[in-house]
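Note sheet for the following structure.
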Amino acid sequence: MTMEQKVKMIEVRDVQFVYPGNNENESVNALSGVNFHIDKGEFVGIIGHNGSGKSTLSKLLNAIIFPTKGDVIVNGLNTKDHEHLWDIRQTAGMVFQNPDNQLVATIVEDDVAFGPENLGVPSLEIRERVDRALATVEMQAYAHQKPHQLSGGQKQRVAIAGILAMEPECIIFDEPTAMLDPSGRREVMETIKKLNRDKNMTVIHITHYMSEIINADRIIVLDQGKIVMEGSPESIFKNVRALKKIGLDVPQMTELAYELRNAGMDIRDNILSIDEMVDALCR
Amino acid sequence: MLKDVTIGQFYPTGSVIHKLDPRTKLLFTTAYIVMLFCINNLWGYLATFLVLVVVTLISKIPVGYIIRGIKGLVLIILLTVTLNLFMTPGNVIASLGPFNITLEGLKIATFMALRLIFLIVGTSIMTLTTSPLDLTDGMEWCMRFIPFVRRYAHELSMMMSIALRFIPTLMEETDRIMKAQKARGANFETGNIISRAKNLIPILIPLFISAFRRADELATAMEARCYRGGENRTRMNQLIFENRDRVSFVLMFMMIGGLILTTMIKMPLIFPI
């Protein structure tokens, strides 16, 4: 990303989204005045407490819902332009929270084929894409299994393969690890990081686990439908008090550093990992 | 307890019958059912029995497994037999209090019982040898030839395959809800049939709510994956008729021909009418 000119993958321009109710009082303002963009190849983390509007935001990026005000532009196409609806959904794939509720077919490889089948890709090419996608998420061995025989992490990797087979340029992950056990969470996170690193896939990772995005290129913090912070992980996480105030947990080591500083110790405030902490303490 | 449900069971043995195109098997089974209702004497039943024996042997499915399918319907068969036995007017051959057993009744009862058993065995051989997914693909193809249904062929088969996909998921969920309600003191084992049915409400309500939630999320996920109905949709695995399918079509016509011939046999087997 250093040499080439930065190309905008997604642009969100002054977006407001209101969930309509029966009358004025009942309608809920989920997002307002949201402005940001995401470059090609970037790994962006979006964090926020429950009800901060992060799931609404993810659905806006994939043209499942449309902004009440403002524009969402995906790869140069406005999501309001219904002609390009399918191009947008193909360009910006989406992985959801519940692994069970996004697998359609009774056999793993058929599920991966679902996306390309919808796009009308020729049969032989679908076969190739499915094999490639399953290899990327390391699930080839399970190609003929039934989804309900897989673990949560494996199901989620199949869901990722299903999106990869559509050959998107960007994948939006909407809390993909929220329903998984720690080992499943690790599997899925490794897959996501690999996609960004090796395949140069643009990744938008929406989560409330801070530890999952300490390696992100950029972090956007949402609270009550507004962007409250934006920047590198180090610059975000050192605001321990502000993050705690909006109901978010900071990574353990960052919090420890914060407490140590409060207690009068001279230590950096942008420590994220245990290794960094060890380095800082053993200076 | 819920693991015993046998709907749409598939018994893979890798036999030739398993490898046949699902469309072939569907057409074969349809022809078989139609023929079953055309048979009018025991010769025909004998011939049908032979067809079943041969097909079962080729399919390599254990006979006991197939017979288990009849067990569930024993009550219906018995009811049909009893009703036909006593309700048919004709030559009385035996009396049981106010009820008379007639020769015609005996004949019809036997035929009905055989017909039902052959129907169950024949169709269960199809479901046992065809994976649910192949079956829905085959049905989608077949529905294209039925007027009115044609327009919804894709939607219907998509619904069927999603239902199949979610049967195990919802079973697990039911199990989990049952355990949770039991832990709260719910009682599913005792009481009469009405109170037992009432006791199921705390299972059914959470199950329905969760099923609706799942359906909603699945629909969103399908749309996000560019699903827009059957138009312009391609398939990874296309159905192709192979030589073995052609051979079975020849056999199917031979079966139809053979069974039609049996209806013309005038010589009675056992029954003197």
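The values are calculated or read from the model by the stated rules, or taken from the named source; none is laboratory data. This structure is a prediction, so every number in the text was calculated from the model and none was measured. Methodologically, a virtual Cβ is constructed for each residue, glycine included, from the backbone with ideal geometry; neighbour enumeration extends over all protein chains shown.
Side notes on the structure shown:
- When segment B:31-87 is filtered for residues that are among the polar types (S, T, N, Q) and either without any contact (Cβ under 8 Å) to a residue 60 or more places away in the chain or surrounded by fewer than 12 Cβ atoms within 10 Å (Cβ to Cβ) (or both), the ones remaining, listed by number, are B:80, B:82, B:84.
- The listed residues are B:30, B:56, and the only one of them that is within 15 Å of residue B:128 (Cα to Cα) and modelled with pLDDT of 85 or more turns out to be B:56.
- Hey, residue B:177 in contact with a Pro (Cβ under 8 Å, 6 or more places away or on another chain) and either more than 8 Å from chain A (Cβ to nearest Cβ) or not in a loop (DSSP other than H, G, I, E, B) (or both) or not: yes
- Looking only at segment A:12-60, residues that are touching a helix residue (DSSP H, G or I) at 6+ places or on another chain (Cβ under 9 Å) and within 14 Å of chain B (Cβ to nearest Cβ) come to 1 in all.
- Being in contact (Cβ under 8 Å) with a residue 60 or more places away in the chain, under 22 Å from residue A:177 (Cα atoms) and aromatic (Phe, Trp, Tyr) is a property that residue A:96 has.
- Selection from segment A:101-123 of residues that are closer than 13 Å to residue A:176 by Cα and either buried (at least 24 other Cβ atoms within 10 Å of the Cβ) or more than 7 Å from chain B (Cβ to nearest Cβ) (or both): A:102
- Entry remark, segment A:60-75: residues being without any contact (Cβ under 8 Å) to a residue 40 or more places away in the chain and closer than 14 Å to residue A:10 by Cα number 1 in total.
- From B:39, B:33, B:58, residue being assigned to a loop (DSSP other than H, G, I, E, B) and closer than 20 Å to residue B:259 by Cβ: B:39
- Filter result for residue B:200 (hydrophobic (A, V, I, L, M, F, W, C) and within 14 Å of chain A (Cβ to nearest Cβ)): no
- Subset of segment A:144-155 (residues that are under 25 Å from the mean Cα position of the chain (by Cα) and within 12 Å of chain B (Cβ to nearest Cβ)): A:147, A:148, A:150, A:155
- Of the residues making up segment A:8-45, those that are within 20 Å of residue A:174 (Cα to Cα) and not in a strand (DSSP E or B) number 3.
- Here segment B:170-218 is the region considered, the condition is being of a type in the set (Asp, Glu) and touching a residue at least 12 places away in the same chain (Cβ under 8 Å), and the residue that is surrounded by the most Cβ atoms within 10 Å (Cβ to Cβ) is B:173.
- Counting only residues that are at the interface with chain B (Cβ under 8 Å from one of its Cβ atoms) and either more than 17 Å from residue B:232 (Cα to Cα) or in contact with a Pro (Cβ under 8 Å, 6 or more places away or on another chain) (or both), segment A:83-100 holds 6 of them.
- Of all the listed residues (B:214, B:235), the sole one being at pLDDT 90 or above, on the phi < 0 side of the Ramachandran plot, touching a helix residue (DSSP H, G or I) at 6+ places or on another chain (Cβ under 7 Å) and within 14 Å of chain A (Cβ to nearest Cβ) is B:214.
- Scope segment A:127-143; condition at the interface with chain B (Cβ under 10 Å from one of its Cβ atoms) and crowded, with 24+ Cβ neighbours inside 10 Å; matching residues: A:130
- Residue within segment B:3-13 that is within 15 Å of the chain's Cα centre (by Cα), polar (S, T, N, Q), outside any helix (DSSP H, G or I) and loosely packed, with under 15 Cβ neighbours inside 10 Å present: yes
- Residue that is under 22 Å from residue A:113 (Cβ atoms), surrounded by fewer than 16 Cβ atoms within 10 Å (Cβ to Cβ) and within 14 Å of another protein chain (Cβ to nearest Cβ), where the choices are B:221, B:163: B:163
- Verdict on residue A:16 being of a type in the set (S, T, N, Q), in contact with a Leu (Cβ under 9 Å, 6 or more places away or on another chain), touching a residue at least 12 places away in the same chain (Cβ under 8 Å) and within 26 Å of residue A:193 (Cα to Cα): no
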